[in-house]
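Reviewing the structure listed below.
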Amino acid sequence: MIYLLGGAARSGKSIIAKRMLAEKTIPFLCLDHLAIGTANAFPHLQIDLDSDDASVGDKIWPLVKAVSKVIIKDRIDYLLEGAALQPKHSQELLSEFPSQTRACFLGYADADVCQKFEQVRQHGGGPDDWMMQFDESTIMKELERLKKVSEVLRLECELYQIRYFEMSRDFARSIEDVIEFLAGPNNNAVA
């Protein structure tokens, strides 16, 4: 089974991936690492890591799709997570391998940005936390931008009939809901 976990930055993807590894023994790959490695190893692909996540996702999707197909063929359970993953990409695998693919996206389209800022401060600060290098004003602007990204993801998930989780209401409960969706028997049900 390939698990695809996309969504806006700061929506909880890494927390969920780490919990899936610890609790379900499902290994994961952060697509940010794959994108950075691919950009550095293959400069001719012209992957601009400073561009929007959707553009980076379009560039790395052929590799992600090929790797996903190998994982599915070899009947390995693996979770791929990252902001570069897009609903249109996930739909390709869901269409081709519906019983071996589970996908969902996370966002905070309905978030109050001030509350989201407090949540970022509470759950942030890890070794790869790029946002903590910014001042408060810059973080607030970035969260406003990511809220708009979440709105787009929610619409695209509706279009492609992929599950979207709004993470702004009860973050801890939402984390549990996503894990239950990914690891449970509900098989890509859209709610």
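Which residue fluctuates most in the GNM of the chain (Cα springs below 10 Å): ASP58, ASP112, ASP170?
So, out of ASP58, ASP112, ASP170, the one fluctuating most is ASP170.
From the phi of every residue in segment 56-70, what ³J(HN,Hα) in whole Hz does the Karplus formula 6.51 cos²θ - 1.76 cosθ + 1.60 yield, where θ is phi - 60° and glycine or proline is x?
3J(HN,Hα) across segment 56-70, in whole Hz: 4, x, 4, 6, 8, 4, x, 5, 4, 5, 5, 5, 4, 5, 5.
Are any of the pairs LYS24/LYS116; LYS88/LYS116; LYS59/LYS148; LYS116/LYS141 more than 20 Å apart by Cα-Cα distance, and if so, which?
Pairs exceeding the cut-off: LYS24/LYS116; LYS88/LYS116; LYS59/LYS148.
Using 0.36 nm per residue of separation minus the Cα-Cα distance, give me the extension gain between ILE76 and ASP48 in nm, one decimal.
7.0 nm
Give me the compactness ratio for segment 3-67, meaning the Cα radius of gyration over 2.2 N^0.38 Å.
Cα Rg divided by the expected 2.2 N^0.38 Å: 1.20.
Counting pairs of alpha carbon atoms under 8 Å apart in space and at least six apart in sequence, what relative contact order in percent does the chain give?
So the answer I get is 30 percent.
Whole-Hz ³J(HN,Hα) for each residue in segment 140-152, computed from phi via Karplus 6.51 cos²θ - 1.76 cosθ + 1.60 with θ = phi - 60°, x for glycine and proline: what do you get?
4, 5, 5, 5, 4, 5, 5, 5, 5, 4, 4, 4, 5
Taking amide hydrogens as modeled 1.01 Å from N in the peptide plane, which residues meet the under 5 Å criterion relative to TYR164, leaving out close sequence neighbours?
So TYR164 has HN proximity to PHE105, ALA191.
Mind checking Rg over Rh on the chain, alpha carbons, Kirkwood formula for Rh?
0.94
Leaving out ligands, DNA and RNA, what percent of the accessible area of the chain is carbon and sulfur, probe 1.4 Å?
The nonpolar share, carbon plus sulfur, comes to 52 percent.
Going by amide H atoms built from the backbone, whose H comes under 5 Å of the H on PHE28, apart from near neighbours?
LEU79
Pick from VAL56, VAL70, VAL178 the residue whose mean-square fluctuation is largest in a GNM of the chain, springs joining Cα atoms under 10 Å.
VAL70
The values are calculated or read from the model by the stated rules, or taken from the named source; none is laboratory data. Note that the structure is a prediction, hence the values are computed from the model and not measured. When the accessible area is computed, the model is the full protein with side chains, heavy atoms only, and any ligands, DNA or RNA have been set aside. Shrake-Rupley method; radii C 1.70, N 1.55, O 1.52, S 1.80 Å.
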